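Just below is one structure, and these are the notes that go with it.
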Amino acid sequence: MPTVKITRELHFSSAHRVFNPEWTDERNNEVFGGCANPNWHGHDYRLFVTVEGSAKGDTGFVMNLQDLKNVVESRIIKDVDHRNINLEVSWMKGVIPSTENFIIEIWNRLDGEFPGGVKLSKLTLWETPRHYVEYEG
């Protein structure tokens, strides 16, 4: 059976501070710039979730897009939307919340959560209109 990839875009807003707690404020500012602001900063994130599988004979779908949205909302969005990633997201505790680390942790929360032989294929996370990361596990 041919493999097809489908993608759903979801949005959320979160605050964070990108810093290494083992470094001085000066070193953090040198490496992370304004992202190390002790008073936090926020982003309106765009998350693209791509899954792959075979189109089902009875629907023509790899997966119902509403079901895909529901999985992502229950595993990710409810935890991060209008939250401080450093302080309020349990699965990010102890992780420097760079966009790179954040997308890896999102992958870890979603991988294996899709039914019917559907596999997580790729995540794309836009942090700003000029900056995004991609991860394929």
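Annotations
- Of the GluC sites (Glu not before Pro) in segment 52-137, the ones in a loop by DSSP (not H, G, I, E or B) with at most 10 other beta carbons within 10 Å are Glu136.
- Spin-label proximity, Lys5 to segment 27-64 - amide N less than 13 Å from point 7 Å beyond Cα toward beta carbon: 48-53
- Test item: Cα-centred dipole of segment 32-134, Lys/Arg +1 and Asp/Glu -1 on Cβ, debye: 20 debye
- Heavy atoms of the protein chains alone define the surface here; on that basis the chain has 56 Å² accessible area per residue at 1.4 Å probe size.
- Loop trypsin sites (Lys or Arg not before Pro), segment 60-137, which have at most 11 other Cβ atoms in a 10 Å radius of their Cβ (DSSP): Lys93, Arg130
- Proximal charge balance of Val72 [Cβ under 14 Å; K/R count +1, D/E count -1]: -1
- Overall form of segment 53-122 per C-alpha gyration tensor (a/c, 1.5; a/b vs b/c): prolate
- Near-label residues of segment 25-61 by backbone N, under 19 Å of a point 7 Å along Cα→Cβ of Glu88: 37-47
- When the solvent-accessible area of the chain is split by element, carbon and sulfur atoms take up 48 percent of it, the probe being 1.4 Å.
- Compactness of the chain is given as radius of gyration and Dmax, 16.8, 60 Å, from Cα positions.
- Rounded, prolate or oblate (a/c below 1.5 giving rounded, otherwise prolate when a/b exceeds b/c) for segment 75-114 by Cα gyration tensor: oblate
The values are calculated or read from the model by the stated rules, or taken from the named source; none is laboratory data. Treat the numbers as computed from the prediction; the structure is a model and nothing was measured. Backbone-built Cβ (ideal geometry, glycine too); neighbour counts: all protein chains shown. All accessible areas refer to the heavy atoms of the entire protein, side chains included, with ligands and DNA or RNA removed. Shrake-Rupley method; radii C 1.70, N 1.55, O 1.52, S 1.80 Å.
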